[in-house]
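Inspection log for the structure reproduced underneath, given as structure tokens.
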Protein chains: 2
Amino acid sequence: MAQEKRTEISELGEFGLIKHLTEHIKLTNESSKVGVGDDAAVLDYGDKDVLVTSDLLLEGIHFDLTYTPLKHLGYKAAIVNFSDIYAMNGKPKQVIVSLGVSRKFSVENLEEFYDGLTLACNNYGVDVVGGDTNSSMTGLTISITCIGEVEKGKAVLRSGAKVNDLICVSGDLGSAYMGLQLLEREKMVFNKAAEISPDFSGKEYILERQLKPEARKDVVDLLAAHNIVPNAMIDISDGLSSELLHLCTESHCGCRVYEDKIPIDYQAASLAEEMNLNLTTAALNGGEDYELLFTVPLSMNEEISQIQQVRPIGYICRQSLGSRLLTRDGNEIDLIAQGWKSF
Amino acid sequence: MAQEKRTEISELGEFGLIKHLTEHIKLTNESSKVGVGDDAAVLDYGDKDVLVTSDLLLEGIHFDLTYTPLKHLGYKAAIVNFSDIYAMNGKPKQVIVSLGVSRKFSVENLEEFYDGLTLACNNYGVDVVGGDTNSSMTGLTISITCIGEVEKGKAVLRSGAKVNDLICVSGDLGSAYMGLQLLEREKMVFNKAAEISPDFSGKEYILERQLKPEARKDVVDLLAAHNIVPNAMIDISDGLSSELLHLCTESHCGCRVYEDKIPIDYQAASLAEEMNLNLTTAALNGGEDYELLFTVPLSMNEEISQIQQVRPIGYICRQSLGSRLLTRDGNEIDLIAQGWKSF
């Protein structure tokens, strides 16, 4: 965190700091009535249902500041929450941000974080309506609450999948995980010999997937444009296996997923080969892709095939049949929730 | 944190843990449509405005587990957020709880925390609609988001105070701070000689104010029953001085507060004398009272005097006159925002 200028947080104080960080924020959404600076935000959601999600990101667990620029972290912290709102078939409209900050951070560091956060908010049409900062004994703690809207009764839950539904996924999987492997490898090399610059050429896509992910607003819009209402939906933050099992558990059903249908990017595949990692494992258990996983009635196969950002990877079956991967070589193996944030 | 039984969190895993902690939760409010277990909570606020507030509580900064039982901590963590909603003239309806937990905590520890949290929720009619747990490198991190309702356009902001308004405060001030001083003193004694039991007799009230505070739902209800709508309101979490200055800044005004009108409890006064601490300083700068500070038009003096839980302590004046305390000995001194959570 080399900085040209370093202003200590103590120079501004707690209230001065949050004022400094939020004074340029303008509210743009009709539903945002009162923002930063009161005991609570005031929102008017008219006849829409309100969606609320909250995420806690901890230094050393969810991010490593050795290779995560604070601007990217601010961007990603927002995106992770937007993704949860899109996964309900909703639109994110407001965020509230609380930070716990230790002495190693300067005002400029927090400005960087806020730059990334507000960039994400601007890109997705979201207002920052609340925020505070606290001192922390250790490192950086980020708590983000995101509020969004959905037409009354139109929220898509994890629990709505039906037997014979097509299982679909957006984008590609495993790229964010491979981006992380690359960063970890280069960090090790860097720690051994600081004069060696990391070599990221030809791997920009997977790095961006890890450091600056996007949420699939486009997919939610495309589904609406094609009149497709998923029966069930979840975003993929902890790996395909884990999310599929959540969806099946909540929907009281099982599933079959075809290994050869899982969408994988070329850069991820190439690095997996170079690092001798199993690509399917990366796609099944690697986290942080923030793609959407959803099911639609089989009769919508035609409509789904018209959306190139999305592809079918399997189908929903009875719960008694279990949740399984059909491998390339014709075997069936049980999906296991490896998960991402493990204790 | 001595426990008869200790179940490691790893025995349940991340998803098993949150399921275990939340499986008994029932939704009781009409506005709570979908709770724990999806990507976001789904809420229907009909024609009400929505209030949202979020708080981050960090071990070693906001609480000390040496003398804070986890059940009390869970209770207090909820109350702090309810208080923010009442301070908007609203009613809390839902909370979302995210925990960051290090290895020193067992499943039983987290059950205690949840016991306290759900007790507060039951007492105040609030639903737990979301929650997750994360591993943490250090100690306990608690993030709570509270969602509440208020009649459309009836939210009371910090910015509405008018010149000549009466300044009123509920309950008494400085008690939570004196409770903290007592706990800190007994902790020091205990650290020196573990066989000495702390002596808390006759000090139960100030201890409870620190360890198990309540939010002033009753005051919001009483104001409504007396048809009193405050012009401005804020809850006192960081001390009277700090909150008065926030209110005056946001309302572009100044204030005069009479030292001899500041309500102080007998136990707090007695301990302050015993410990040779200045009582007014405790009331002005001690935090965590969670009383309500509000202003009403002077014409409501009569109505206010009928509510015994509330008393006038001063008045609002022009901004150019500053914000001052009128002391018992007839001096005027500037109010200073000492604040509570300092960097």
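Coordinate-derived values only; no laboratory data. Please read these numbers as outputs of a predicted model, since none were measured by experiment. With ideal geometry, Cβ positions are generated from the backbone for all residues, glycine too; neighbour counts draw on all protein chains shown.
Please give the peptides A:309-319, A:159-169 ranked by average Cβ packing (other Cβ atoms within 10 Å per residue), highest first, as a rough proxy for protection.
Details: A:309-319: 18.9, A:159-169: 20.5.
So the peptides A:309-319, A:159-169, ranked by packing, come out A:159-169, A:309-319.
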The farthest towards the positive end of the charge dipole of the protein assembly as shown, of the residues A:Leu335, B:Phe294, A:Tyr75, given +1 on Cβ of Lys and Arg and -1 on Cβ of Asp and Glu, is B:Phe294
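Taking each pair of different alpha-carbon atoms in the range A:188-343 once, compute 1/r for the pair, average those values, and report the inverse of that mean as the Kirkwood hydrodynamic radius in Å to one decimal. Don't skip to the answer; put the middle values down first.
Details: mean 1/r = 0.0578 Å⁻¹.
That comes to 17.3 Å for the range A:188-343.
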Taking a crude spin-label model, label points 7 Å out from Cα along the C-beta direction, the A:Asp329 to B:Leu65 distance in nm is 4.7 nm
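Convex hull over the alpha-carbon atoms of the protein assembly as shown: what's its volume per residue in Å³? List each step's numbers first, then the result.
Working: hull volume 117.2 nm³, N = 686.
Once divided by residue count, the hull of the protein assembly as shown is 171 Å³.
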Contact order relative to length for the range A:13-150, counting C-alpha pairs under 8 Å separated by 6 or more residues, stands in percent at 39 percent
FRET efficiency for A:His226 and A:Lys162 from the Cβ-Cβ distance with R0 = 22 Å, rounded to 0.05, comes out at 0.70
The farthest towards the positive end of the charge dipole of the protein assembly as shown, of the residues A:Asn285, A:Leu211, B:Ala224, given +1 on Cβ of Lys and Arg and -1 on Cβ of Asp and Glu, is B:Ala224
Close lysine pairs (the range A:13-150; alpha-carbon distance under 20 Å; 8 or more apart or on separate chains) counted at 13
What helix-only [θ] at 222 nm does chain A give? Using -39500 (n - 2.57) per DSSP H run of at least 4, over all residues, to the nearest 500, the answer is -10500 deg cm²/dmol
Answer in debye to the nearest 20: the dipole magnitude of chain A about its Cα centre, from +1 Lys/Arg and -1 Asp/Glu charges placed on Cβ, is 440 debye
One decimal, nm, nearest first: from B:Gly46 to the same residue in each other copy, label points 7 Å out along Cα→Cβ, the values are 2.0
Residue ranges of DSSP H helices in chain B that stretch 15 Å or more (Cα, own long axis) and have mean Kyte-Doolittle hydropathy of at least 0.0 are B:9-22, B:70-86, B:240-251
Projected onto their principal axes, the Cα atoms of the range A:13-150 stretch, largest extent first, over whole-Å spans of 45, 30, 23
Per its Cα gyration tensor (rounded if a/c is under 1.5, else prolate when a/b beats b/c, else oblate), chain A is best filed as oblate
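Take peptides B:126-137, A:263-274 and line them up by average Cβ neighbours within 10 Å, highest first, as a rough protection proxy. Let's see the in-between values first.
Values: B:126-137: 23.1, A:263-274: 17.8.
Highest mean packing first, the order is B:126-137, A:263-274.
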Here, B:Glu273 and B:Met188, labelled 7 Å along Cα→Cβ, have an inter-label distance in nm of 2.2 nm
Once both label points are put 7 Å beyond Cα along the C-beta direction, the A:Asn122-B:Ser320 separation in nm becomes 4.0 nm
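Compare the peptides B:49-55, A:105-111 by average per-residue count of other Cβ atoms within 10 angstrom and give them in order, highest first. List each step's numbers first, then the result.
Numbers: B:49-55: 25.4, A:105-111: 19.3.
The peptides rank, most packed first, as B:49-55, A:105-111.
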Counting other chain Cβ atoms within 10 Å of each Cβ in A:54-66 and taking the mean gives 4
So for the range B:123-189, using the alpha carbon gyration tensor with a ≥ b ≥ c as root eigenvalues (a/c under 1.5 gives rounded; past that, a/b versus b/c decides prolate or oblate), I'd call it oblate
Computed from the beta carbon distance with a Förster radius of 35 Å, FRET efficiency for B:Thr7 and A:Lys19 to the nearest 0.05 stands at 0.20
One point scatterer per Cα, no solvent, Debye formula: log10 I(q)/I(0) for the range A:30-84 at q = 0.16, 0.23, 0.24, 0.30 Å⁻¹ comes out as -0.70, -1.00, -1.03, -1.18
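Averaged over peptide A:131-144, how many Cβ atoms belonging to another chain are found within 10 Å of each residue's Cβ? Kindly include the intermediate steps, with their values, before the conclusion.
Working: counts 1, 5, 3, 8, 7, 8, 6, 8, 2, 0, 7, 2, 11, 4.
Partner Cβ neighbours, averaged per residue: 5.
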Label points for B:Asn164 built 7 Å along Cα→Cβ; distances to same position in the other copies, nm, shortest first, come to 7.6
At the level of C-alpha centres, the distance separating the range A:244-262 and the range B:6-40, in angstrom, is 21 Å
Taking the label point 7 Å from Cα along the Cα-Cβ vector, the copy-to-copy distances for B:Pro69, listed from shortest in nm with one decimal, are 5.1
